[in-house]
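Peer 1: Can you read through this structure? Questions will come right after.
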Amino acid sequence: MDIRTQIDMTRLPRHVAIIMDGNGRWAKAHGQPRVFGHRNGVKSVREVTEAAAELGVQYLTLYAFSTENWGRPASEVNALMRLLVQTIRKEIKTLQDNQIRLQTIGDHSRLPAKTAQALLEAIEATRENTRMTLILALNYSAKWELTEATRRIARKVSSGHLDPDQITEQTIAEHLNTAGLPDPELLIRTSGETRISNFLLWQIAYAELVFTPVMWPDFRRPDFYQALLDFQHRERRFGKTSDQLSTQNV
Ligand code: FPP
């Protein structure tokens, strides 16, 4: 049976986040340089983005470049940045045709000017699109994001605009890069690694985690559908008991 038909369309996660991992190992297994893996990873980005939009997922966040990725050889970092610019420029029409809005999270102050410019253009061009929001995490790390949020909150306190006793979870959420976005309900990591690696630490407090051995360049529609099915087979209790859930419809 087509795996897609097994998905309960009334219980889709509103927000799916993905740690795209395994490009380098996939390339090595094919006897190719690492950038070959990233290039094929772009095909997975395209396919998963389309699949998510078609199903009706409202937010899709992809971890494209972490703060720690600057530690890679300069040639790989440059190749990744070039690939990003090329992909964004090439896919802007697909984003428009599919009514997808592009957003980013992360520290863009260190991105090459060309990359930042291409991103700004695409964000601006797609800002009115309403079908799905695609969020690229670029030069992102959750500890950086939480540190920045803490600084901004502290400044408001020290300037007298915020009373420390009034700080709530909502205050913190509003100072994160993801302000205004619902928290991801499903986090997928490919390539068999079972770590979070500094990704959306605050936002995934209640997310279901799905780890798959599939390398990112091989991760295509059926793998995405399978992750959604895994999600739907889990019981999300939010700290409550199973009995409470069956009577309460949370
Ligand atoms: C992880 O594999 C992947 C990345 C660090 C980069 C992901 C980037 C892309 C798929 C291309 C550009 C993205 C967009 C959104 C256009 P790895 O290199 O860490 O693999 P390894 O763990 O096997 O070494």
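Please treat every number below as a calculation from the coordinates, not as lab data. Quick caveat, the model's predicted, so the values are computed rather than measured. Note that each Cβ is placed from the backbone with ideal geometry, even for glycine, and that neighbours are counted across all protein chains shown.
Peer 1: To the nearest 20 debye, what charge dipole does the range 118-242 have about its Cα centre, counting +1 at the Cβ of each Lys and Arg and -1 at the Cβ of each Asp and Glu?
Peer 2: So the magnitude is around 140 debye.
Peer 1: What spacing in nm lies between the two simple spin-label points modelled at S75 and R152, each 7 Å away from Cα in the Cβ direction?
Peer 2: It is 3.9 nm.
Peer 1: Quantify how much of the Cα-Cα distance distribution of the range 93-141 extends past 16 Å, in percent.
Peer 2: 38
Peer 1: Quick one: among Q86, Q170, Q96, which has the greatest mean-square fluctuation in a GNM of the chain with alpha-carbon springs under 10 angstrom?
Peer 2: Q170
Peer 1: From the phi of every residue in the range 123-140, what ³J(HN,Hα) in whole Hz does the Karplus formula 6.51 cos²θ - 1.76 cosθ + 1.60 yield, where θ is phi - 60° and glycine or proline is x?
Peer 2: Computed from phi, the couplings for the range 123-140 are 5, 5, 5, 9, 4, 8, 6, 10, 6, 8, 10, 9, 10, 9, 8, 10, 6, 10 Hz.
Peer 1: Also: Starting from the range 203-250, pick out the chymotrypsin sites (Phe, Trp or Tyr not before Pro) whose DSSP state is loop and whose Cβ has at most 11 other Cβ atoms within 10 Å. Write down the numbers at each step before the final one.
Peer 2: Working: sites: Y206, F211, F219, F224, Y225, F231, F238; in loops: Y206, F219, F238.
Answer in residue order: F238.
Peer 1: Which of P112, P182, P73 moves the most in a Gaussian network model of the chain with Cα springs under 10 Å?
Peer 2: P73
Peer 1: If eta is 1.567 mPa s and T is 4 °C, what Stokes-Einstein diffusion coefficient results for the chain, Kirkwood Rh from Cα pairs, in µm²/s? Each step should come with its number before you reach the end.
Peer 2: Working: Rh = 19.3 Å.
Approximately 67 µm²/s, per Stokes-Einstein.
Peer 1: Next question. Whole number please: convex hull volume per residue, Cα atoms of the range 1-116, in Å³.
Peer 2: Numbers: hull volume 14.9 nm³, N = 116.
Once divided by residue count, the hull of the range 1-116 is 129 Å³.
Peer 1: Here's another thing I want to ask about it. Of L162, L136, L228, which has the largest mean-square fluctuation in a 10 Å C-alpha GNM of the chain?
Peer 2: L162
Peer 1: Moving on to the next point. How much length is gained if the chain between W144 and L245 is pulled fully straight, taking 0.36 nm per residue apart and subtracting their Cα-Cα distance, in nm to one decimal?
Peer 2: Separation in residues times 0.36 nm, less the Cα-Cα distance, equals 32.8 nm.
Peer 1: Positive end of the dipole of the chain, charges at C-beta (+1 Lys, Arg; -1 Asp, Glu), about the Cα centre: which of L146, V157, L84 has its Cα farthest in that direction?
Peer 2: Of the options given, the answer is L84.
Peer 1: Tell me, what ³J(HN,Hα) does each residue in the range 6-11 have, in order and in whole Hz, if you take phi through Karplus 6.51 cos²θ - 1.76 cosθ + 1.60 with θ = phi - 60° and put x for Gly and Pro?
Peer 2: Each residue's phi maps through the Karplus curve to give 7, 6, 7, 5, 8, 10 Hz.
Peer 1: On to the next question. Jot down the per residue volume, in cubic angstrom and as a whole number, of the convex hull over the alpha-carbon atoms of the range 132-250.
Peer 2: It is 152 Å³ per residue.
Peer 1: Once amide H atoms are built 1.01 Å from N in the peptide plane, which residues 5 or more positions from R14, or in another chain, come under 5 Å H to H?
Peer 2: E185
Peer 1: Scan the chain and report its longest stretch carrying no trypsin sites (Lys or Arg not before Pro) that are both in a DSSP loop and have at most 16 other Cβ atoms within 10 Å.
Peer 2: The longest such stretch corresponds to 15-126.
Peer 1: Could I ask something else about it? Tell me which of L136, A27, Q96 sits at the most positive position along the dipole axis of the chain, charges placed on C-beta atoms (Lys, Arg +1; Asp, Glu -1).
Peer 2: Value: A27.
Peer 1: Taking H as built 1.01 Å from N, whose amide H comes closer than 5 Å to the amide H of L201, not counting residues under 5 places away?
Peer 2: So L201 has HN proximity to A142.
Peer 1: Now a separate question. Of the options P217, T168, A207, report the single residue whose Cα projects farthest towards the positive end of the charge dipole of the chain (beta-carbon charges: Lys, Arg +1; Asp, Glu -1).
Peer 2: Farthest along the dipole direction, towards plus: P217.
Peer 1: Might you report the magnitude of the Cβ-based charge dipole of the range 1-157 about its Cα centre, with Lys and Arg at +1 and Asp and Glu at -1, to the nearest 20 debye? Don't jump to the answer; show the numbers that get you there.
Peer 2: Numbers: 24 positive and 16 negative charges, 89 e Å.
So the magnitude is around 420 debye.
Peer 1: In whole Hz and in residue order, list the ³J(HN,Hα) couplings for the range 237-245 that follow from phi through the Karplus curve 6.51 cos²θ - 1.76 cosθ + 1.60, θ = phi - 60°; x for Gly and Pro.
Peer 2: Coupling constants for the range 237-245: 9, 6, x, 9, 8, 4, 4, 4, 5 Hz.
Peer 1: Provide the FRET efficiency to the nearest 0.05 for the E128-D163 pair, computing r from the beta carbons and using R0 = 41 Å.
Peer 2: 0.65
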